[in-house]
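What follows is a short report on a single structure.
None of the figures in this text is laboratory data; all of them are computed from the coordinates on show. Note that the structure is predicted; figures quoted are calculated from it, not measured. With ideal geometry, Cβ positions are generated from the backbone for all residues, glycine too; neighbour counts draw on all protein chains shown.
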Amino acid sequence: MKWLDIAEVARRTGLPPSTLRFYEAKGLITSVGRHGLRRMFGPDVLERLALVTLGRSAGFALDDLAGLFKSGGKPRIDREQLAAKADELDRTIRRLAAVREGLRHASTCPAPSHLECPRFQRLLRVATANQVRHPTKASPRRKTPPRQ
């Protein structure tokens, strides 16, 4: 069995070593030891990182993905969780498609002002309704005033 040092894993996956160390701290991957100061990983780390990358691109949180590897052996993938995420993605795709079509219309709308266009008004109402249902997380307050 060939061990891979952190630089080789970074090269093969395109992830920086800092991300690999962070993933290790989160329990997503596990090093098998060190060679000098470099972490060493088993060859299965590449498959695990591919799963993490796929999960992240689907919108799973790192903590959710860490649960896949709790058993220590092969990842346990919850099929119901996958189906729920697929349904969530379908809703997001429909919402974004509607926004895209509204923006396309607004870019060519013959109304003198976008605010006079009924279709653009409908887009604004949808955007407001989505904001009320899914508010963004407030950014933490700065302790010092921003630099001018």
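Once you have all Cα-Cα distances for the range 79-133, histogram them in 5 Å bins from zero and send the whole-percent values.
Spelled out per bin, shortest first, that is 4, 18, 21, 19, 14, 10, 7, 4, 3, 1, 0.
If you take the beta carbon distance between residue 11 and residue 127 as r and set R0 to 41 Å, what does 1/(1 + (r/R0)^6) give as a FRET efficiency, to the nearest 0.05?
Working: r = 43 Å, r/R0 = 1.04.
So, using R0 = 41 Å, E works out to roughly 0.45.
Take the alpha carbon atoms of the range 9-27, find their center, do the same for the range 33-65, and report the distance between the two centers in whole angstrom.
That distance is 6 Å.
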